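Below: the structure, in structure tokens.
Nothing in this text is a laboratory measurement; each read-out follows from the coordinates by a stated rule. Everything quoted here is computed from the prediction, not taken from an experiment. Here Cβ is always computed from backbone atoms with ideal geometry, including for glycine, and neighbour counts include all displayed protein chains.
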Amino acid sequence: MISPNQKNYRKSNLMKKAAVIALLASSITFNIGFAKDSEINDLQEIYHIYASDDYIGAVSEKKVVEELVDEKAEQASAEYGDLRMSDDTNLTIIPEQVFDKETNDTQTLEKLEKAVTVKANAFALFVNDEIAVYVKDLEAYDEVVRKLKLQSVSEKELTELEAREDSTNSLPPLKNNETRILDIVLKESISGVTQTVVPKNIMTVDQAVEYLQKGVLEEQTYTVQSGDVFGRIASKYELSTNELTQLNKGVNENSVLQIGQALKVTALKPLVNVAVVREKKVSEAIPFENQVRESDDMFKGKTKVLQEGSKGVQETTYVIREQNGTRVGKSIKEETVVKEAKNNIVVKGTKVIPSRGTGKLSWPAQGGYISSEMGHRWGSFHRGIDIARPNGYTIKAADNGVVTFTGRDGTYGNKVMVDHKNGYQTVYAHLSSISVSVGQTVPVGTKLGVMGSTGRSTGTHLHFEVLKNGANVNPLSYLR
């Protein structure tokens with residue numbers, strides 16, 4: 001507000017010889033010995049205006065100055081709502097007694113209007129001892145702090161945490177699949193104090209929260225041009241491709257950019273980081289292991305489930321750490337096994353009898369290649385495969401078994417048939433000679449004879465068949 005101060009009177013424009021007049025409080029004493037009484041009665045008062053020691057000018061009436069200041073305050077109040085306004089110009093009004101009351105009030109008031117500064121009482125919010133934002137008052141400051149926390153947690157979670165902090169009761173045990181907040185911390189030092197500030201610098205609560213979160217009031221965008229690539233745009237704005245992706249969800253360096261597409265390119269640097277610590281209890285399955293035990297009491301190729309596997313159950317309490325809504329850490333606080341897992345145990349037979357096959361067929365020749373596969377050819381059905389051009393001519397038993405046929409068999413020429421005692425039989429045809437006899441037990445790899453071209457044959461080769469439960473099957477599906 002305006003308060004007159006005591007100062008030395010300025011020199012009178014009408015008097016050649018100035019006298020220094022002292023102003024004491026509201027009374028004025030003149031000491032002009034040579035003045036006539038009539039001259040004294042003609043003196044009038046004007047007012048010199050100073051703004052922070054800068055001379056503005058003179059006015060004929062003091063109230064016009066007060067009215068101007070009040071009007072400026074009212075205008076600011078109307079524009080900025082219910083903020084408490086005050087004049088911060090440091091005005092000084094000095095009266096002077098003059099004979100000629102000539103002042104240019106209009107010019108002085110115009111200069112004064114420009115000089116008058118109206119400020120509002122506000123609450124300065126400090127981050128690490130530096131002013132970050134101004135808000136209306138302490139209540140708004142508290143709301144900013146609360147809303148910062150609500151960017152990372154729900155209203156319900158924050159309310160529950162505040163209630164627990166005000167309570168002296170210990171935390172109850174967590175229920176299964178329950179999550180709760182252990183702590184919410186603003187990582188930077190936050191404080192505040194009441195100050196006067198230009199009203200336009202005062203932010204709303206939401207504006208302050210957004211600024212403290214992002215470090216900027218407005219985010220810059222870039223419009224994609226012809227020939228633009230993601231990495232080049234990131235480099236132009238001193239961003240990494242990962243940072244540009246974080247700013248523009250769903251877009252990355254592999255995305256096809258569209259001309260005219262708008263991308264956010266302002267790197268966000270939060271002034272305040274919100275750290276949240278949660279704990280979560282979950283029920284988790286414990287996987288079982290598969291164990292294989294060998295037994296020579298069972299034939300090779302046979303298996304038996306000794307114990308069916310079943311998953312166990314474990315209750316685990318995790319401590320989860322987040323910053324600004326993003327998980328930055330996870331650790332196990334407690335583990336309790338509710339149900340043990342049972343391993344799946346399978347017994348595998350290893351007993352080998354030379355007369356019983358293993359179910360896996362070995363290549364019956366010494367190398368060679370398949371010159372003809374099973375299927376229709378030359379107007380008939382070829383029941384097996386032909387193997388020609390071997391490295392040697394020995395024909396071998398494809399698996400353990402017992403010989404059930406040897407000798408000549410029409411178009412097969414010299415033929416050997418082996419029963420593997422497991423539902424499979426194999427046939428070896430066109431042999432030049434036979435080395436085994438009916439009833440003979442032949443372990444896998446036993447020489448059955450020599451490759452030849454007997455029967456209906458156009459050259460030296462082995463005709464090889466596989467029968468499963470009496471029906472021909474494709475040997476290529478069983479040879480290893």
By how many degrees, between 0 and 90 and to the nearest 10, does the Cα long axis of helix 105-115 differ from the longest principal axis of the chain?
30
With the Cα gyration tensor of the range 181-251 in hand, convert its eigenvalues to equivalent ellipsoid semi-axes via √(5λ) and list them largest first in whole Å.
34, 19, 10
From Cα coordinates alone, what are the radius of gyration and Dmax values for the range 88-186 in angstrom?
27.4, 94
Between 0 and 90°, nearest 10: helix 205-214 axis offset from the chain longest Cα axis
50
From the Cα centre of the range 409-430 to that of the range 252-329, the distance in Å is 56
Round to the nearest 10 and give me the degree value, 0 to 90, for the angle of helix 62-79's Cα axis relative to the longest principal axis of the chain.
20
Equivalent-ellipsoid semi-axes of the range 369-477, from the Cα gyration tensor, Å, largest first
20, 17, 13
For the range 147-190, divide the Cα radius of gyration by the Kirkwood radius and give the resulting Rg/Rh value with two decimals.
0.99
In this structure, the FRET efficiency calculated for Asn469 and Lys311 from their beta-carbon separation, with R0 = 51 Å, to the nearest 0.05, is 0.85
Summing -39500 (n - 2.57) over every DSSP H run of at least 4 residues in the chain and dividing by its residue count gives a helix-only mean residue ellipticity at 222 nm, to the nearest 500 deg cm²/dmol, of -5000 deg cm²/dmol
Relative contact order (percent, whole number), the range 275-351, Cα cutoff 8 Å, 6+ residue spacing:
47
Any chance you could list P(r) for the range 256-334, counting all Cα-Cα pairs in 5 angstrom bins from zero, rounded to whole %?
3, 10, 10, 10, 8, 8, 8, 8, 8, 8, 6, 4, 4, 3, 2, 0
What lysines sit close enough to Lys396 to cross-link, taking a C-alpha to C-alpha distance under 21 Å and skipping anything fewer than 8 places away on the same chain?
Lys300, Lys360, Lys415, Lys421, Lys447, Lys468
Translational diffusion of the chain, µm² s⁻¹ [Kirkwood Rh, Cα pairs; Stokes-Einstein; 10 °C; 1.306 mPa s]:
46
Which order do peptides 368-381, 224-237 fall in by mean Cβ count within 10 Å, highest first?
224-237, 368-381
